[in-house]
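These notes concern the structure reproduced below.
The values are calculated or read from the model by the stated rules, or taken from the named source; none is laboratory data. The structure presented is a predicted model; accordingly, all values stated were derived computationally and were not measured. For neighbour counting, all protein chains shown are included, and Cβ atoms are generated from backbone atoms with ideal geometry for every residue, glycine included.
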There are 2 protein chains.
Amino acid sequence: MKDLSKLTPQEARLLIRENKLIVPTSGISKGHIQGNLAILPKDVAFDFLIFAQRNPKPCPILDVTDIGDPEPKLMAKGGDLRYDIPKYRIYKKGELVEEVTDIEKYWTDDMVGFVIGCSFSFESAMLNAGIPVRHIEDEHNVPMYLTNIETVPAGMFHGKMVVSMRPVPYDQVVRAVTVTSRFPSVHGAPVHVGDPALIGIKDIDKPDFGEKSEIKEGEIPVFWACGVTPQSIAMTSKPEIMITHSPGYMLICDPVDEDFSVL
Amino acid sequence: MKDLSKLTPQEARLLIRENKLIVPTSGISKGHIQGNLAILPKDVAFDFLIFAQRNPKPCPILDVTDIGDPEPKLMAKGGDLRYDIPKYRIYKKGELVEEVTDIEKYWTDDMVGFVIGCSFSFESAMLNAGIPVRHIEDEHNVPMYLTNIETVPAGMFHGKMVVSMRPVPYDQVVRAVTVTSRFPSVHGAPVHVGDPALIGIKDIDKPDFGEKSEIKEGEIPVFWACGVTPQSIAMTSKPEIMITHSPGYMLICDPVDEDFSVL
């Protein structure tokens with residue numbers, strides 16, 4: 001099989017659509033951004049969009065589909081949100097009821113799809129700047145934590161922010177802030193640097209999602225708003241139905257990382 | 001009367017609410033941002049919000065009110081969009097039908113208010129960086145032009161982008177780009193530098209809105225996405241009713257300019 005990192009986003013999405021590529025998407029079509037997915041019926045999609053607008057750090061919306069139209073035109077021209085993601089999760093009233101490889105039977109004419117920015121993009125910026133990313137080095141999932149940071153509510157949606165953590169050497173913390181600040185539409189600058197207790201994290205070695213990252217001597221934990229927040233919020237808020245990607249199985253998008261830098 | 005530039009945003013909004021201050025808002029509560037206003041009924045507000053999400057440079061949304069709730073909580077805590085703007089315009093099917101000082105009789109339970117970023121904030125950044133702003137020097141309205149730049153459509157909303165123009169000395173063009181890039185939520189970096197014809201502007205001395213700015217020897221015209229775009233688009237798209245501020249009579253908001261810099 002062709003080197004997956006060299007597939008164009010269109011080639012990758014087509015293989016996924018044909019169920020020939022049911023794998024975590026990290027590393028596929030290298031350099032292109034990947035997106036988190038949330039699909040909701042129109043009656044709650046407006047509230048969700050307002051929620052995202054009020055909470056741009058955890059919920060940076062990259063694309064919203066027209067009502068009933070499965071093509072995310074800005075992020076994946078010619079794409080189809082019903083088939084182009086390797087694995088989906090179906091939530092009903094906040095409960096996970098099924099994992100599927102397409103959502104044909106769940107898609108209805110009033111569905112609205114949201115593509116939400118993902119930390120892969122700013123991690124590339126960190127690596128390019130010579131800042132180590134522990135969970136990439138150690139090949140495990142990033143550690144994520146539920147915090148005491150309130151989001152701004154909208155309609156039925158409300159709850160606390162989820163953050164991801166990366167340990168950064170003291171002398172590279174400022175650089176980590178500046179390089180990630182360039183990417184406000186993929187979470188941007190950190191939300192907190194240092195003491196986890198100040199944002200309500202009791203045990204840094206016990207993440208609520210993902211896996212623990214080792215914090216070495218001379219490193220400080222740095223926290224970014226996390227794209228799991230909208231899923232967590234929507235699950236807490238219990239809409240009748242919500243469809244998401246399965247963690248790690250993302251939408252491979254057309255733009256490249258640098259398309260999202262503001263400077 | 002107290003120096004208007006020193007009023008707190010709350011004091012200014014209260015005077016406006018009581019019809020004691022019916023003047024253009026430029027210079028009032030100096031340092032605080034001001035916002036463009038658009039109010040639409042819920043049935044088209046969702047499309048408008050998607051339109052704004054797809055066109056963040058001309059339509060940077062700073063706040064969206066809950067359906068039927070006139071308080072823009074993020075931008076003006078305790079504020080009321082029905083009274084807190086000195087002068088409003090009522091459009092029906094794209095036609096201006098009335099200018100009023102409050103919108104009590106037009107407000108309905110399904111109204112959604114949008115506060116949209118305004119160029120005042122990035123002009124402060126330019127002035128702070130020592131870059132002259134011609135229309136402020138010459139005390140006239142900024143020149144604005146309808147371009148051939150297509151916006152990304154959403155539902156009933158579609159059309160061309162409106163830009164504003166500021167002449168910048170050649171040796172300060174790069175600096176003008178970098179300082180305004182820091183403010184993506186108030187239009188951010190320019191959309192075009194140089195030849196007006198390339199973006200469909202036939203005569204730079206005949207702006208479609210506002211007044212002509214003199215371009216002096218050694219200066220180049222620099223174009224930014226303009227907050228008049230959403231009004232222009234909505235007027236072209238002819239929704240049943242749309243309420244906006246009157247040009248120059250803006251919402252005075254709580255945050256200060258620097259609250260919107262990403263770096």
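Filter region B:168-177 down to the residues that are more than 22 Å from B:VAL228 (Cβ to Cβ), in contact (Cβ under 8 Å) with a residue 24 or more places away in the chain and away from chain A (no Cβ under 14 Å) and list them by number. Reasoning before the result, please.
Of the residues in region B:168-177, the ones more than 22 Å from B:VAL228 (Cβ to Cβ) are B:169-175.
Then drop every residue that is not in contact (Cβ under 8 Å) with a residue 24 or more places away in the chain, which leaves B:169-170, B:172-173, B:175.
Hits for region B:168-177 are B:PRO169, B:TYR170, B:GLN172, B:VAL173.
In region B:1-51, which residues are small (Gly, Ala, Ser), over 28 Å from B:PRO153 (Cα atoms) and in contact (Cβ under 8 Å) with a residue 60 or more places away in the chain?
B:ALA12, B:SER26, B:SER29, B:GLY31
Pairing each residue of region A:70-89 that is crowded, with 22+ Cβ neighbours inside 10 Å with any residue that is among the polar types (S, T, N, Q) and assigned to a strand (DSSP E or B), provided the two are 6+ apart or on different chains, yields C-beta distances under 9 Å for A:TYR88/A:THR244. In region A:194-203, is there at least one residue being of a type outside the set (Lys, Arg) and touching a helix residue (DSSP H, G or I) at 6+ places or on another chain (Cβ under 7 Å)? Within region A:194-203, none of the residues are of a type outside the set (Lys, Arg) and touching a helix residue (DSSP H, G or I) at 6+ places or on another chain (Cβ under 7 Å). Here B:ALA76 passes the criteria (1) over 19 Å from B:CYS226 (Cβ atoms); (2) touching a Pro at 6+ places or on another chain (Cβ under 6 Å) except the one numbered (2).
Here are some residues: B:GLN34, B:GLN53. Which one is under 19 Å from the mean Cα position of the chain (by Cα) and either of a type in the set (Asp, Glu) or in a strand (DSSP E or B) (or both)?
B:GLN34
For the structure I just gave you, tell me whether B:LEU96 is surrounded by fewer than 22 Cβ atoms within 10 Å (Cβ to Cβ), modelled with pLDDT under 95 and assigned to a strand (DSSP E or B). For B:LEU96, the condition - surrounded by fewer than 22 Cβ atoms within 10 Å (Cβ to Cβ), modelled with pLDDT under 95 and assigned to a strand (DSSP E or B) - is met.
Just one of the numbered conditions (1) in a loop (DSSP other than H, G, I, E, B); (2) touching a helix residue (DSSP H, G or I) at 6+ places or on another chain (Cβ under 7 Å); (3) within 14 Å of another protein chain (Cβ to nearest Cβ) is not true of B:MET75: (2).
Taking the condition of being among the aromatic types (Phe, Trp, Tyr), part of a helix (DSSP H, G or I) and in contact with a Phe, Trp or Tyr (Cβ under 9 Å, 6 or more places away or on another chain), how many residues in region B:112-166 meet it? Walk me through how you get there before you give the answer.
Quick first cut of region B:112-166, residues among the aromatic types (Phe, Trp, Tyr) only: B:114, B:120, B:122, B:145, B:157.
Subset that is part of a helix (DSSP H, G or I): B:120, B:122.
Within this subset, residues satisfying the condition of being in contact with a Phe, Trp or Tyr (Cβ under 9 Å, 6 or more places away or on another chain) are B:122.
So the count comes out to 1.
Filtering B:PRO143, B:PRO184 for residues that are closer than 20 Å to B:CYS59 by Cα, touching a residue at least 60 places away in the same chain (Cβ under 8 Å) and out of contact with any strand residue (DSSP E or B) (no Cβ under 8 Å at 6 or more places or on another chain) leaves a single hit, B:PRO184. Among the residues of region A:56-72, the ones that are away from chain B (no Cβ under 14 Å) and either on the phi > 0 side of the Ramachandran plot or touching a Lys or Arg at 6+ places or on another chain (Cβ under 9 Å) (or both) come to 1 in all.
Listed by first and then second residue, the pairs linking a residue in region B:220-248 that is on the phi > 0 side of the Ramachandran plot to a residue that is part of a strand (DSSP E or B), with Cβ atoms under 6 Å apart and 6 or more places separating them unless they lie on different chains, form an empty list.
Within the bounds of region A:166-175, is there any residue that is buried (at least 20 other Cβ atoms within 10 Å of the Cβ) and of a type in the set (S, T, N, Q)? No, every residue in region A:166-175 fails to be buried (at least 20 other Cβ atoms within 10 Å of the Cβ) and of a type in the set (S, T, N, Q). Filtering region B:150-167 to residues that are away from chain A (no Cβ under 14 Å) and within 15 Å of B:HIS187 (Cα to Cα) leaves B:MET161, B:VAL162, B:VAL163, B:SER164, B:MET165, B:ARG166.
Within region B:37-55, how many residues are facing another protein chain (nearest Cβ under 8 Å) and surrounded by fewer than 21 Cβ atoms within 10 Å (Cβ to Cβ)? Break it down stepwise before answering.
Kept after step one, since they are facing another protein chain (nearest Cβ under 8 Å), are these residues of region B:37-55: B:42, B:45-46, B:49-50, B:53-54.
Pick out the ones that are also surrounded by fewer than 21 Cβ atoms within 10 Å (Cβ to Cβ) and you get B:42, B:54.
Summing the residues that are facing another protein chain (nearest Cβ under 8 Å) and surrounded by fewer than 21 Cβ atoms within 10 Å (Cβ to Cβ) in region B:37-55 gives 2.
A count restricted to region B:178-201 and to residues that are within 14 Å of another protein chain (Cβ to nearest Cβ) and part of a helix (DSSP H, G or I) stands at 7.
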